[in-house]
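**Q** Take a look at the following structure, please.
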Amino acid sequence: MRIGELAARAGTTTRALRYYEARGLLPARRAGNGHRTYDESDLKLLRQIRTLQDFGFELEETRPFVECLRAGHPEGDTCPASLAVYRRKLTELDSLIGELQAVRAKVGAELERAERARDVLAVEALVPGGPEPTCELGGTGQ
């Protein structure tokens, strides 16, 4: 198949395919007329790359999976190098999840503090002569 058909079947662009070719992830085969030619195995490579990128993998992280497929394995993630990338990605994701949980806890604590402060101001506003609560936009009350 030609580059346009492969791009359409893989759900990507011809520009992306040329980029993958330049990066050595997609083979650069040419027909006698100079046109790029591809087959079903190339489509399988592209689907592997696109799936991994949808999961958040960097393009270079897909290389072991592509090489595994090129080596004749029916799946790109059964080779030791691919498994190692999965392990690294899980460690990275666990770290990011931990960071996000810490940020969430800080935001939650700030929300609780702000709500308590708002409640104190609301009670003080009920006291004769107490301050009138205002919002940050200059309006009054709630």
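**Q** Taking the range 57-106, which GluC sites (Glu not before Pro) meet the DSSP loop condition and have no more than 13 other C-beta atoms within 10 Å?
**A** E58, E75
**Q** Using a 1.4 angstrom probe, figure out how much accessible area the range 1-112 has per residue, in square angstrom, rounded to the nearest whole.
**A** 63
**Q** Please report, as a whole percent, how much of the solvent-accessible surface of the range 33-81 comes from carbon and sulfur atoms (probe radius 1.4 Å).
**A** On the range 33-81, the fraction of accessible area on carbon and sulfur atoms equals 51 percent.
**Q** Here's another thing I want to ask about it. At 222 nm, what value in deg cm²/dmol follows for the chain if DSSP H runs of at least 4 each add -39500 (n - 2.57) and the sum is divided by all its residues, to the nearest 500?
**A** -20500 deg cm²/dmol
**Q** Excluding Y38 itself, calculate the net charge of residues whose Cβ lies under 14 Å from the Cβ of Y38, where each Lys or Arg counts +1 and each Asp or Glu counts -1.
**A** +4
**Q** So how tilted is helix 40-54 from the main axis of the chain? Cα-based, degrees 0 to 90, rounded to 10.
**A** 10
**Q** Would you please give the residues with an amide H less than 5 Å from that of L26, counting only those at least 5 places away or on a separate chain, with H modeled from the backbone geometry?
**A** E21
The values are calculated or read from the model by the stated rules, or taken from the named source; none is laboratory data. For clarity, every value in this text was computed on a predicted model and none was experimentally measured. So basically every Cβ, Gly included, is an ideal-geometry build from the backbone, and we count neighbours across all protein chains shown. Heavy atoms of the whole protein, side chains included, go into the accessibility calculation; ligands, DNA and RNA do not. Shrake-Rupley method; radii C 1.70, N 1.55, O 1.52, S 1.80 Å.
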